[in-house]
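Colleague: Got a structure here, written out as structure tokens. Questions coming.
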Amino acid sequence: TILSAPRCVFSSGGPLAAASARALRTAWGAAPFEVFGSTETGGIAWRRWREEQPAWRALPGVEWRVQEGVLEVHSPHLSDAAWWRSQDRAEPDGCGGFRLLGRADRIVKVEERRVSLDALERQVRAHPAVGDVRVLLLGGSRSALAAVVAMARGLPVPEDAAARRALSQALSRHLAASQDAVTRPRRWRFVSALPANAQGKVTEAALTALFRPE
């Protein structure tokens, strides 16, 4: 139990969603500090949620640049003096910081079409029935996009085939304005919460397992 409001709240790991950051700020009266980094680099940058989607600012001693749309880092925490290339797409904010635009390795090819899984997830997440979603590319003789949808708070997981089909069709229509049949998910799974491991991370292996034996 927290007996008094904390002076500082720190978060490290995956970037906070805007709704989570606002909820923390409202509940505790302290805008959270986020630290961005990786196992290879240590801490890279920080941001504080006193504004909507604040830009990341480099930590002391860390240099960054954007090459071909991808973030590169030079840091004393690296094992050598070379620039380290991340898998994060980024853009400068014009004021000395940068904004992350999603993972570069989450661009997939479906029938010779390039699809951003991050962008597709944002579009699915905008539907009122969706609390969260992960989109993945299923392999096999014909690769196809698939989506695992965690229902919005208060909505039950559809249990019968007809209800699941109706919801998947509604989500497909929701995407139709910006995505054609090739770039929309063809397989859907509906759950109360996305499957996570002991570290709280949603893994592709756990998501893929929901579609077996298809």
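Colleague: Place a point 7 Å from the Cα of residue 28 along the Cα-to-Cβ direction; which residues of the range 49-77 have their backbone N under 14 Å from it?
Modeller: Correct set: 49-50.
Colleague: List the GluC sites (Glu not before Pro) within the range 106-137 that fall in a DSSP loop (any state other than H, G, I, E or B) and whose Cβ has at most 11 other Cβ atoms within 10 Å.
Modeller: Those satisfying the criteria are 111, 112.
Colleague: Then there is this: What's the extension gain from residue 204 to residue 5 if we count 0.36 nm per residue and subtract their Cα-Cα distance?
Modeller: Additional length available on full extension: 67.9 nm.
Colleague: Measure nothing but the geometry: give the 0 to 90° angle between the long axis through the Cα atoms of 18-28 and the longest principal axis through the Cα atoms of the chain, rounded to 10°.
Modeller: 60
Colleague: Given the C-alpha centroids of the range 1-66 and the range 93-162, what is the distance between them in whole angstrom?
Modeller: 24
Colleague: Ignoring everything except DSSP H segments at least 4 long, calculate the 222 nm mean residue ellipticity for the chain; use -39,500 (n - 2.57) per segment, divide by total residues, nearest 500.
Modeller: Details: 4 runs with 41 residues, N = 214.
Mean residue ellipticity, 222 nm, calculated: -5500 deg cm²/dmol.
Colleague: Whole number please: convex hull volume per residue, Cα atoms of the chain, in Å³.
Modeller: Values: hull volume 38.3 nm³, N = 214.
For the chain, the hull spanned by Cα atoms encloses 179 Å³ per residue.
Colleague: Give, as a single signed number, the net charge of other residues whose beta carbon lies under 13 Å from the beta carbon of residue 70, with Lys and Arg counted +1 and Asp and Glu -1.
Modeller: Numbers: positive: 65, 85, 89, 103, 106; negative: 68, 72, 88, 91, 105.
Residues close to residue 70 contribute a combined charge of 0.
Colleague: For residue 57, what charge total do you get from the other residues with a beta carbon under 10 Å from its beta carbon, if Lys and Arg give +1 and Asp and Glu give -1? Don't skip to the end; give the middle numbers.
Modeller: Working: positive: 47, 48; negative: 93.
Once positives and negatives cancel, what remains is +1.
Colleague: Here is a follow-up. Is the shape of the range 93-192 best called rounded, prolate or oblate, per the rule: a/c under 1.5 gives rounded, else a/b larger than b/c gives prolate, else oblate, with a ≥ b ≥ c the square roots of the Cα gyration tensor eigenvalues? Don't skip to the answer; put the middle values down first.
Modeller: Values: a/c = 2.18, a/b = 1.34, b/c = 1.63.
Oblate, since a/c reaches 1.5 and b/c is not below a/b.
Colleague: Tilt of helix 161-175 relative to the longest C-alpha principal axis of the chain, in degrees (0 to 90, nearest 10)?
Modeller: For 161-175 against the chain, the angle is about 50 degrees.
Colleague: Summing Lys, Arg as +1 and Asp, Glu as -1, what charge do residues with Cβ under 10 Å from the Cβ of residue 118 carry, residue 118 excluded? Before the final figure, lay out the partial values.
Modeller: On the way: positive: 89, 103, 106, 122; negative: 121.
So the surrounding residues net to +3.
Colleague: Could you give the length gained on full extension between residue 78 and residue 35, defined as 0.36 nm per residue of separation minus the Cα-Cα distance, in nm? The partial results should precede the final answer.
Modeller: Details: separation 43, 0.36 × 43 = 15.48 nm, distance 1.69 nm.
So the chain would gain 13.8 nm between residue 78 and residue 35.
Colleague: I need the calculated FRET efficiency for the pair residue 162 and residue 193, taking r as the beta carbon distance and R₀ as 22 Å, to the nearest 0.05.
Modeller: E(calc), rounded to 0.05, equals 0.40.
Colleague: If you don't mind, there's one more thing I want to ask. List the residues whose amide H sits under 5 Å from the amide H of residue 90, counting only those 5 or more places along or on another chain, with H placed 1.01 Å from N in the peptide plane.
Modeller: Counting only residues 5 or more places away or on other chains, the set is 70, 71, 101.
Colleague: Less than 11 Å from a label point 7 Å out along the Cα-to-Cβ axis of residue 113: which backbone N atoms in the range 142-176 qualify, by residue?
Modeller: Taking a point 7 Å out along Cα→Cβ of residue 113, the residues of the range 142-176 whose backbone N falls under 11 Å are 145, 176.
Colleague: Listed highest first by mean packing, meaning other Cβ atoms within 10 Å per residue, what order do 70-79, 201-210 come in?
Modeller: Values: 70-79: 16.7, 201-210: 13.5.
Per-residue Cβ counts within 10 Å, averaged per peptide and sorted highest first, yield 70-79, 201-210.
Colleague: Among the trypsin sites (Lys or Arg not before Pro) in the range 129-187, which ones are in a DSSP loop with at most 11 other Cβ atoms within 10 Å of the Cβ? Mind listing them? Show your work: numbers first, answer last.
Modeller: Numbers: sites: 134, 142, 153, 164, 165, 173, 186, 187; in loops: 142, 153, 186.
The qualifying sites are 142, 153.
Colleague: I would also like to ask the following. Collect residues whose amide H, placed 1.01 Å from N in the peptide plane, falls under 5 Å from the amide H of residue 110; neighbours closer than 5 in sequence don't count.
Modeller: Counting only residues 5 or more places away or on other chains, the set is 115.
Colleague: Percent relative contact order of the chain, based on C-alpha pairs within less than 8 angstrom and at least six residues apart?
Modeller: Details: 332 pairs, mean separation 21.7, N = 214.
Worked out over the chain, it gives 10 percent.
Laboratory data are not the source of any read-out in this text; all were calculated from the coordinates shown. This structure is a prediction, so every number in the text was calculated from the model and none was measured. Cβ sites come from the backbone with ideal geometry, for glycine too, and all protein chains shown count toward neighbours.
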